[in-house]
Amino acid sequence: AVKLSPEQLLCQLRDRVNVSMIHGSDSPFNTSEWLRYLPEKSLNETVGRLGRCAVVSSAGSLKSSHLGPEIDSHDAVLRFNGAPVKGFQEDVGQKTTIRLVNSQLVTVEQQQFLRDALYNTGILIIWDPAPYHAEIREWYRKPDYKFFEAYKLYRVRHPEQPFYILNPKMQWQLWDIIQENSLEHIQPNPPSSGTLGILIMMTLCDEVDVYEFLPSKRQTDICHYYQKFHDRACTMGAYHPLLFEKNLVKRINRGTDEDIYTHGKVTLPGFRNVHC
Ligand code: NCC
């Protein structure tokens, strides 16, 4: 296979990864029951047109980065799972526009998810690993984690907060592109929340700055900036093909290697600024 140029790779991502949220017309969500739970407005309508956006990984290397003010200078900020801002503003900022959570968090830590005020800020998006290129109907019958009940409970408690379910087709469209552009066989599991979040922001924003997804000089085995837990797999991947996701993001970076080294920062164009 011929190695794609950065521009070709961006076009593949733009044209083959369909970032969308589950909608009331997606069978089997087209019931009167589900219509009560799914947000009325589309994600696009809810956020409007965004200029500069930031994606903040949860990596331990954000510790002592002092990136908070820079991150908050963006029009919108996306964070992951249970990553806190309280007590960490100096390094990760305080703005949260979108929080992308996985279905494991919402089921295994359901009580915390329903109670913790951390989740009440901004727009929530949940995703769940689906079988390879499965139809929505097939995935709905056998989600990786049965998060639908927790979703409904949360919606009843916070009816005003936008909370979307990511269309699971996207994860394998993206996985195919990661596999095609890697020299090895990659894990047959969906990409991490990190890469899904990057793609979501590339569809919503003019430009996307990603922090500590490609590790800076602060790289560490500490898994998260908010915990003491050590594990190299957090940065390199185990279940997720995280190393290959990072290689792909490195190839489409429009920023400098110096920015990666000092700030862990990658700059990507929004898809509306990609011309194929
Ligand atoms: O750890 P997690 O990820 O919530 O991190 C969010 C995203 O940040 C990037 N990251 C994180 C740590 C690190 N040292 N380097 C990084 O680059 C990754 O892109 C990651 O996706 C997930 O992807 O949803 C994940 O979720 C956790 C866990 O389920 C949640 O934190 C909820 O508790 C998974 N951990 C476990 O299952 C133990 C993790 O594998 C993937």
Residues to consider are THR262, THR267, THR235, THR195; find the one that is among the polar types (S, T, N, Q), out of contact with any strand residue (DSSP E or B) (no Cβ under 6 Å at 6 or more places or on another chain) and more than 10 Å from the ligand (Cβ to nearest atom). THR262
Go through the residues of the stretch 130-140 one by one and say whether even a single one is open to solvent by less than 40 Å² (accessible area, probe 1.4 Å) and part of a loop (DSSP other than H, G, I, E, B). yes
Residue, nearest to GLY82 (Cα to Cα), within the stretch 224-241, restricted to residues that are charged (D, E, K, R) and open to solvent by 100 Å² or more (accessible area, probe 1.4 Å): LYS228
With respect to ARG79, is the statement that it is in contact with a Lys or Arg (Cβ under 7 Å, 6 or more places away or on another chain), in contact (Cβ under 8 Å) with a residue 12 or more places away in the chain and among the charged types (D, E, K, R) true? yes
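Conditions tested, residue by residue: (1) surrounded by 15 or more Cβ atoms within 10 Å (Cβ to Cβ); (2) more than 18 Å from CYS205 (Cβ to Cβ); (3) among the polar types (S, T, N, Q).
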residue	(1), (2), (3)
LEU10	yes, no, no
LEU13	yes, no, no
ILE22	yes, yes, no
SER25	no, yes, yes
THR31	no, yes, yes
TYR37	yes, yes, no
ARG49	no, no, no
Considering only residues of the stretch 98-109 that are open to solvent by less than 30 Å² (accessible area, probe 1.4 Å) and more than 11 Å from the chain's Cα centre (by Cα), which is nearest to the ligand (Cβ to nearest atom)? LEU105
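The values are calculated or read from the model by the stated rules, or taken from the named source; none is laboratory data. Being a predicted model, the structure only gives us computed values, none of them experimental. Cβ atoms come from the backbone with ideal geometry, glycine included; neighbour counts cover every protein chain shown. In case anyone asks, the SASA skips ligands and DNA or RNA and just uses the protein heavy atoms, side chains included. Shrake-Rupley method; radii C 1.70, N 1.55, O 1.52, S 1.80 Å.
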